[in-house]
Amino acid sequence: MPKATVLIQGASSGIGLEFVRQLLKRQAPTHVIATCQTTNDDRLSNLQKEYLKSSIHRLDVLELDVRHQDQFDSFGLQVEQCLNDLKRERGLDMLINCAHIWHPSNRVETSLNDVLSIDLNDVYQVNVVGPLLVTKILLNVLKRGRSSFGSPSSNAPYSSLIVNISAELASINNNNVGGWYAYRLSKCALNMATKNLALEFGRQPTDDNSICGLKKDDKPLLFVAMSPGIVNTQMIHEYKKLFPKDAHFLTKTESVQRMLSAIDKLSLKDNGKFLDFNGKPIPY
Ligand SMILES: NC(=O)c1ccc[n+]([C@@H]2O[C@H](COP(=O)([O-])OP(=O)(O)OC[C@H]3O[C@@H](n4cnc5c(N)ncnc54)[C@H](OP(=O)(O)O)[C@@H]3O)[C@@H](O)[C@H]2O)c1
């Protein structure tokens, strides 16, 4: 029986797919639920075929386009079904929200002249509304997690860990070059959502008036926003001149290895933080 179940939202390519690969290779058998916009996607189905030979059920692939809110209820039920099939009274141990778009045109704005309302809305839907509503629909299964991530003990003080993949470009403090309007704004909003969720679900109520989504016996949930670093993708390549000369470019493998190792060291003290791929805080 797998030791933990992790859901990777936006797993058909790039960093999301690399998370799936590395989690499946973990020594403690991990069950992964991977989402993609269409289940006809070869990249995930090839991986699924590879793991069908394994004696333990390891990988489920579910369809989810985070722009389509009408898919969310049935998606929630499908996740419950995947967990029921494992025949254990347990929920999700970790959710990683990874899907994003840079910009609908794939050319980020380098001037206010390029900024359009429709583009801002599209980027916001995928990068902010998506992760927030996926968390909402999965809240009950997340509360039933027994996280074996981020804690060396099996009796972790939190039920589940939610990692929202953000970006260093969201740091207001570190913004020295400008541009990337829709993307920067969306990731900034995602960071605020992460902090809000940590406050609502990361602690017991202090008084009758405090905002708290936990019941008396619920364990808290641990939320972080994490930047994968600058990862060598085609898109990043095109905009290389916008990065500092000494910027360090990571491969997908390196970035995900570092993030997983940082995730393994998280504790409730990190709730609501914005961290880099090594687990070091980034100023908001
Ligand atoms: N690469 C970097 O240097 C870098 C730097 C900072 C932060 N990040 C963050 O790291 C995360 C992964 O980035 P990446 O470089 O791996 O990007 P990527 O290769 O472009 O992957 C993006 C993923 O999001 C999915 N997606 C897009 N729109 C979606 C929608 N409407 N519904 C569901 N899924 C959707 C894509 O699915 P399809 O394949 O079906 O389109 C794809 O799986 C993102 O959150 C990004 O902001 C990346």
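Values quoted throughout were computed directly from the atomic coordinates according to the rules given, and no laboratory measurement underlies them. All values reported here derive from a predicted model rather than from experimental measurement. Please note: Cβ atoms are built from the backbone with ideal geometry, for glycine as well, and neighbour counts cover all protein chains shown.
Among the listed residues Val79, Val32, identify the single one that is within 16 Å of the ligand (Cβ to nearest atom), farther than 19 Å from Thr253 by Cα and not charged (D, E, K, R). Among Val79, Val32, only Val79 is within 16 Å of the ligand (Cβ to nearest atom), farther than 19 Å from Thr253 by Cα and not charged (D, E, K, R).
I need the full set of residues from segment 74-104 which are closer than 23 Å to Leu260 by Cα and either out of contact with any Leu (no Cβ under 8 Å at 6 or more places or on another chain) or of a type outside the set (D, E, K, R) (or both), in order please.
Result: Val79, Leu83, Gly91, Leu92, Met94, Leu95, Ile96, Asn97, Cys98, Ala99, His100, Ile101.
Against the criterion of being in contact with a strand residue (DSSP E or B) (Cβ under 7 Å, 6 or more places away or on another chain) and over 22 Å from Leu190 (Cβ atoms), Leu77 does not qualify. Return the total of residues in segment 243-270 being more than 12 Å from the ligand (Cβ to nearest atom) and either in contact with a helix residue (DSSP H, G or I) (Cβ under 6 Å, 6 or more places away or on another chain) or not hydroxyl-bearing (Ser, Thr, Tyr) (or both). Residues meeting the conditions: 14. Among residues of segment 32-52 that are touching a residue at least 12 places away in the same chain (Cβ under 8 Å) and within 14 Å of Glu18 (Cβ to Cβ), those with a beta-carbon under 6 Å from a residue that is in a strand (DSSP E or B) and more than 10 Å from the ligand (Cβ to nearest atom) at least six positions away or on a different chain give the pairs Val32/Val6; Val32/Leu59; Ala34/Val61; Leu44/Val61. Looking only at segment 263-273, residues that are aliphatic (A, V, I, L, M) and under 14 Å from the mean Cα position of the chain (by Cα) come to 1 in all. Restricting the first member to segment 113-127 and to residues that are closer than 10 Å to Tyr183 by Cα, and the second to residues that are of a type in the set (Ser, Thr, Tyr) and within 16 Å of the ligand (Cβ to nearest atom), the beta-carbon pairs closer than 6 Å and six or more apart or on different chains are Val123/Ser186; Tyr124/Ser186; Asn127/Ser186. The set of residues in segment 1-28 that are aliphatic (A, V, I, L, M) and crowded, with 17+ Cβ neighbours inside 10 Å comprises Ala4, Val6, Leu7, Ile8, Ala11, Ile15, Leu17, Val20, Leu23, Leu24. In the set Ile236, Ile172, only one residue is within 22 Å of the chain's Cα centre (by Cα), within 27 Å of Glu109 (Cα to Cα) and assigned to a loop (DSSP other than H, G, I, E, B); that residue is Ile172.
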